[in-house]
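Everything below concerns the one structure shown next.
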Amino acid sequence: MDDPGVQRRPGAVLGFPEGDAALTGAERRSDATWRRHFVFGSVRAVAEELGMSHYACNFYIYVSTSSLFRRQLTRTLAALFPRCDDARQTAQPPGDLSSAHTSRV
């Protein structure tokens with residue numbers, strides 16, 4: 001029975017264990033066990049990258065196709081980054097006299 005406290009590498013669990021660690025680099029390149037392990041690592045890296053890019057693309061797909069998603073995204077961002085409407089309304093750029101009160105005499 002396997003010890004639950006021992007962590008196993010994903011390759012070993014799937015039948016692609018590492019080879020003999022005492023081998024040199026040249027010997028590892030010619031060893032069948034190491035070659036299978038390296039191929040597994042390469043295929044796994046490509047699969048993970050495809051998964052992450054698919055995950056990232058979903059955001060753009062949802063934004064471009066779902067009005068409900070856009071509405072909820074707007075609400076969420078508005079809650080996270082509230083506007084300072086009061087400060088914006090009271091501040092006037094220099095030289096802007098359009099809303100200045102003038103008294104008539």
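Values in this text are rule-based calculations from the coordinates and carry no lab data. Quantities reported herein were computed from a predicted structural model and do not represent experimental measurements.
Shape call for the stretch 10-81 from the C-alpha gyration tensor, a ≥ b ≥ c root eigenvalues: rounded (a/c under 1.5), prolate (a/b greater than b/c) or oblate? Please list the in-between numbers first.
On the way: a/c = 4.91, a/b = 3.96, b/c = 1.24.
Prolate, because a/c is 1.5 or more and a/b exceeds b/c.
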- Taking Cα pairs closer than 8 Å and at least 6 residues apart, the relative contact order of the stretch 10-81 in percent is 20 percent
